[in-house]
Amino acid sequence: GLMMKKLSNLFLIVAVTLVLAWFLPWLVGFAVPSASKSQVVYYSPVSDKFVTSRSDDDDGKMKYFELNADGSLSKEVTRDERDRLLPQVFYTVLSGKDELPDTVCGRQVSIKIFKENSWVFVSSPREVNRVNARVDMMMESMPERLELEDATEVFRFTSDGMEFVDMATNAVLPERSARFTKMLKDEGFAFPATVMNANVTSRKPYDEGYLMADANHRLYHVKMQVGRPYVHRVADAEKIDVRHVFVTENVDHRFLGVVTDADHNVYMLEASTYAMRRMPFKWNPETEKIVMMANVFNWVVNVNDGDKIEYCAVDNNSMSLLSNFSEKIAKSRYEKLEAYVFPFTLSFTSGNDQLVYPRIAFAGSWMVLVFNAVLAVVAFAVCRRCRRKAVASGIVTLILGIYVFIPILLFTNSK
């Protein structure tokens, strides 16, 4: 009876420790509010400097600054000055005030030119790391009525071909499958595809189908035109080891998509020539979020790995680096408190993927050992009637901290 009671107490302590390791950090994060600080960074073709709009103060008001080359504040500007420094971004505001110039930096500009050359590309690890279904939809790139329609067919890769299935009837389409397989084989495609990407939606200006890498990491462009296959092997990509591909389908039709290699180099794939344009920054799609904001003069790219953000301004024509700086992400009040109180955290989900399984993260600073030591002394004192239990409680509390301290207090003296 006594042995069973000790075992049940031990089981309760272990169970409550695990639950607290998951629940307590969430509860503290919920209870300690942290003001969200936002910053948007642009690059001015007028001053050749980064310009930022940010709200850092507790009042939450937006402030506007020109930045030095290292990212430090150069001078504060008014909102109107900010608009004039960034005509490629705030052209509608300037036009409404009749302040939009005809030329900027010797280049003729208009609302139409600005609109047709502005686009945004965003990618996060959560999207990249998701587990994909074994079938993918194929859209018709040249629909009869010109407007894109929802896909009616899916395809899957086998070890030696591409198989199409009608979604309405689940029937295999042998003719379409044979056509696509033959054309891919003629272009040297090694089955199956290792990575591929498409934007399967009718809410876009046009369809470019898929960018995909075959089993040998060679890059291909594949789409369906009037029911027939279009396949192009990107010869320029054969000097790199293709790892991730992203179809962009922007209004300017200039690029087919973004390609990354095993060394995290980034390339833009030109639509008209299939040439690979290497970008002056690196990005790991599996661990880093990226935002590319393009306009007729420059692109501002920010790559966020969770600890720091790298900002790069890239010339729109030459794709050369204009300027760059990196900035550490400031820790919130909760993150600072977490580092001193919790030796580790247990979670089942992550912002980097869509899987559910236990994950332990060690975010604690060395100061957490001081907090644990104080708790260990208290735990030792609470269990002092039994020396062996007191020593064990003190040691375990020193390692696991508050997670095991609470159940020891609850269960150690329970009759």
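Under the Kirkwood approximation for Rh and a Cα-based Rg, what ratio Rg/Rh is obtained for the stretch 66-119?
Rg/Rh: 1.03.
Run through the stretch 2-48 and list the trypsin sites (Lys or Arg not before Pro) located in a DSSP loop whose Cβ has at most 12 other Cβ atoms within 10 Å.
Sites meeting the loop and neighbour criteria: none at all.
For a test of understanding, tell me how many lysine pairs in the stretch 33-187 have Cα atoms under 20 Å apart, given they are 8 or more places apart or on different chains.
Qualifying lysine pairs in the stretch 33-187: 9.
What number comes out for the charge environment of ASN284, summing +1 per Lys or Arg and -1 per Asp or Glu over other residues with Cβ under 10 Å away?
It works out to a net charge of -2.
Shape verdict for the stretch 148-230, please, from the Cα gyration tensor: rounded (a/c under 1.5), prolate (a/b greater than b/c) or oblate.
Since a/c reaches 1.5 but b/c is at least a/b, the shape of the stretch 148-230 is classed as oblate.
Taking 0.36 nm per residue of sequence separation and subtracting the Cα-Cα distance, how much length would be gained by fully extending the chain between GLU335 and ASN9, in nm to one decimal?
Stretched out fully, the GLU335 to ASN9 stretch lengthens by 114.1 nm.
Keeping the other protein chains in place, figure out the carbon and sulfur percent of the accessible area of the stretch 267-317, with a 1.4 Å probe.
About 42 percent, which is the carbon plus sulfur part of the accessible surface.
Net charge around PRO25, counting only other residues with Cβ within less than 11 Å of its Cβ (Lys, Arg = +1; Asp, Glu = -1)?
Once all neighbours under 11 Å are counted, the net charge is -2.
Contour minus end-to-end for LYS185 and GLU286, with contour as 0.36 nm per residue of separation and end-to-end as the Cα-Cα distance?
Residue separation times 0.36 nm, minus the Cα-Cα distance, leaves 33.4 nm.
Who wins for biggest fluctuation among GLY106, GLY257, GLY209 in a Gaussian network model of the chain, springs between alpha carbons below 10 Å?
Comparing GLY106, GLY257, GLY209 in the GNM, the peak value goes to GLY106.
Cα atoms only: what Rg and Dmax, in Å, come out for the stretch 182-303?
So, for the stretch 182-303, Rg and Dmax equal 14.3, 43 Å respectively.
Cα gyration tensor of the stretch 326-404, axes a ≥ b ≥ c as square roots of the eigenvalues: rounded (a/c below 1.5), prolate (a/b > b/c) or oblate?
Oblate is the answer for the stretch 326-404, as a/c is 1.5 or above yet b/c matches or exceeds a/b.
Please find the FRET efficiency linking VAL226 to LYS63, where r is the Cβ-Cβ separation and R0 is fixed at 51 Å, and quote it to the nearest 0.05.
0.40
Relative to 2.2 N^0.38 Å, what does the C-alpha radius of gyration of the stretch 2-136 come to as a ratio? Two decimals please.
Dividing the Cα Rg of the stretch 2-136 by 2.2 N^0.38 Å gives 1.85.
Give the dimensionless ratio obtained when the Cα radius of gyration of the stretch 212-277 is divided by 2.2 N^0.38 Å.
1.08
Taking only protein heavy atoms and a 1.4 Å probe, what accessible area per residue, in Å², does the chain have with all protein chains in place?
Averaged over the residues of the chain, the accessible area is 55 Å².
Can you compute the modelled spin-label distance between SER74 and SER55, with each label point 7 Å from Cα toward Cβ, in nm?
Here the modelled spin labels are 2.6 nm apart.
Once the Cα atoms of helix 402-411 and of the chain are each reduced to a long axis, what angle between those two axes, in degrees from 0 to 90 to the nearest 10, is obtained?
Value to nearest ten degrees: 40.
What's the FRET efficiency of VAL374 with SER110 using the Cβ-Cβ distance as r and R₀ = 56 Å, to the nearest 0.05?
0.25
Return the FRET efficiency for the residue pair ASP315, ILE399: r is the Cβ-Cβ distance, R0 is 60 Å, and the value is rounded to the nearest 0.05.
0.65
What would the Debye formula give as log10 I(q)/I(0) at q = 0.14 Å⁻¹ for the alpha-carbon point model of the stretch 97-139, no solvent?
The Debye formula, applied to the Cα set alone, gives -0.62.
Can you give the net charge of the other residues whose Cβ lies under 10 Å from the Cβ of VAL195, counting K and R as +1 and D and E as -1?
Cβ neighbours under 10 Å give a net charge of 0.
Over all directions, how big on average is the projection of the convex hull of the alpha-carbon atoms in the chain, in square nanometres?
Projected over every direction and averaged, the Cα hull of the chain covers 29.3 nm².
Would you calculate the separation in nanometres between label points at ASN132 and SER202, each defined as 7 Å from the Cα along the Cα-to-beta-carbon direction?
Calculated label separation equals 2.4 nm.
Amide H to amide H under 5 Å from GLY257: which residues, 5+ apart in sequence or cross-chain, H placed 1.01 Å off N in plane?
Placed amide hydrogens put THR248, LEU269 under 5 Å from GLY257.
Plugging the Kirkwood radius over Cα pairs into Stokes-Einstein for the stretch 256-415, at a temperature of 4 °C and a viscosity of 1.567 mPa s, what D comes out in µm²/s?
65
The values are calculated or read from the model by the stated rules, or taken from the named source; none is laboratory data. All figures in this text were calculated on a predicted structure; none of them were measured in a lab. Positions of Cβ are generated from backbone atoms using ideal geometry, with glycine treated the same way; all protein chains shown enter the neighbour counts. When the accessible area is computed, the model is the full protein with side chains, heavy atoms only, and any ligands, DNA or RNA have been set aside. Shrake-Rupley method; radii C 1.70, N 1.55, O 1.52, S 1.80 Å.
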